[in-house]
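All of the numbers you see were taken from the coordinates with simple rules; none came from a lab. Just so you know, these numbers come straight off a predicted model, no measurement behind them. Cβ sites come from the backbone with ideal geometry, for glycine too, and all protein chains shown count toward neighbours.
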Amino acid sequence: MNASAPSADSLRAALAALLDGLPPNRAAQAVERLIANYRGTTPTDAPVLRDRSDVAAYAAYRMPATFEAVRGALDALREAAPDWEPRTHTDVGGGTGAASWAVAEAWEDEPPRTTVLDWAEPALTLGRELAAGVFDAEWRRERIGGALRLADTDLVTVSYVLKELTEADRTALVTEAARTAQAVVIVEPGTPDGYERIIAARTLLIDAGFTVAAPCPHSGACPIVPGTDWCHFSARVSRSSLHRKVKGGSLPYEDEKYAYVAAVRFPVTPASSRIIRKPQTRKGLVLLELCGPEGLGRDTVTKRHGPLYKQARDAEWGDSWPPAEDA
């Protein structure tokens, strides 16, 4: 069913095979219910995914976007620590395994041994089917919350999970991840409340002795004044025709907004500064909104800057700036 290597294309192929034969109207109805839950504000102490139809709808609706968001966070981590390679990985609340696909792709030459933990057995079962022949993982049912205990591991990913937990359980989970891992990557929706959860997790990780590898160019306090703005990024997600049918859209792509933090217990070289808004291109110049060690700022790059101007025109939201000398 799957291609031999983890990638966005092989994930889409696996999802297409999964959805083949599932009535689109049934999948669409399940997607509508899941969207309502996803956008809600009430934490849940029970699995959101109740049965195979729910899981199939969720996979079509969320896996490509979650994959791209986690891939963006992992790319930034790898840029800050290019020589580090995890040998073990725990995907907390991993569901059908989108984050695990991204991890397997990031270290494709030697993917880490992955363990996916989730409280929804149907999600684990389907995730195992999707990943068959692509990457090896252990899929284990666990209640995700304050009582969860993790084995020591190199990398922990927690993607789109914190929203489903109470504040106390969020604190306990991040603290447990910090206790067991060398690197922790947490991804949440790119909304003001998602950013607030990331900032809270970031503080817990720093207090536990971690260094922020990305997106921040420092481990100090976030320079954004609470309530005035929020830090988030965007990932372009390709949609298959079946994906568009299930989601009720017409465009061949969508933009997934996400917030994240990647923090580590080993030496890293964070970005000199990070582009925190979509670059604005004007005639003969590019405006870059940046976050750096000294706080928020703006860089205006013009044709007079020579090669740097071309690099600015090619720069994307979320990139480090200035680019590496060999870029």
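The relative contact order of region 256-327, computed from alpha carbon pairs under 8 Å that lie at least 6 residues apart in sequence, is 31 percent. Of the peptides 160-168, 292-300, the ranking by mean beta-carbon count within 10 Å, highest at the top, reads 160-168, 292-300. Just so you know, the averaged projected area of the alpha carbon convex hull for region 136-276 sits at 10.8 nm². Annotation: amide H-H contacts under 5 Å for Ala213 (H modelled 1.01 Å from N, sequence separation of 5 or more, or interchain): Ala262, Ala263, Val264. Scaled to the globular estimate 2.2 N^0.38 Å, the Cα spread of region 68-224, given as radius of gyration, is 0.98. The stretch between Lys257 and Asp152, if pulled fully straight at 0.36 nm per residue, gains 34.7 nm over its current Cα-Cα span. Checking the Cα-Cα distances for Lys163/Lys278; Lys163/Lys257; Lys278/Lys310 against a 24 Å cut-off, the pairs over it are Lys163/Lys278. Sequence gap at least 6, Cα distance under 8 Å: using those rules, report the relative contact order of region 117-170 to the nearest whole percent. With pairs under 8 Å counted, the relative contact order is 37 percent. Between Arg179 and Ala5, the C-beta separation translates, for a Förster distance of 30 Å, into a calculated FRET efficiency of about 0.35. Here the 3J(HN,Hα) profile of region 79-95, calculated from phi with Karplus coefficients 6.51, -1.76 and 1.60 at θ = phi - 60°, is 5, 7, 9, x, 9, 8, 9, x, 9, 9, 8, 10, 9, 7, x, x, x Hz, Gly and Pro shown as x.
For Ser219 and Ala17, what is the calculated FRET efficiency with R₀ set at 45 Å and r taken between the beta-carbons, to the nearest 0.05? The calculated FRET efficiency here is 0.55. Residue by residue, region 102-111 carries 3J(HN,Hα) couplings of 5, 5, 4, 6, 4, 10, 4, 5, 8, x Hz when phi is fed to the Karplus relation 6.51 cos²θ - 1.76 cosθ + 1.60 (θ = phi - 60°); x denotes Gly or Pro.
Each peptide in 269-281, 97-109, 140-152 gets a packing score, the mean of other Cβ atoms within 10 Å over its residues, and the list from highest to lowest is 97-109, 269-281, 140-152.
What the phi angles of region 169-174 give under the Karplus curve with 6.51, -1.76 and 1.60, with θ = phi - 60°, is a coupling list of 5, 4, 4, 5, 5, 5 Hz, glycine and proline written as x.
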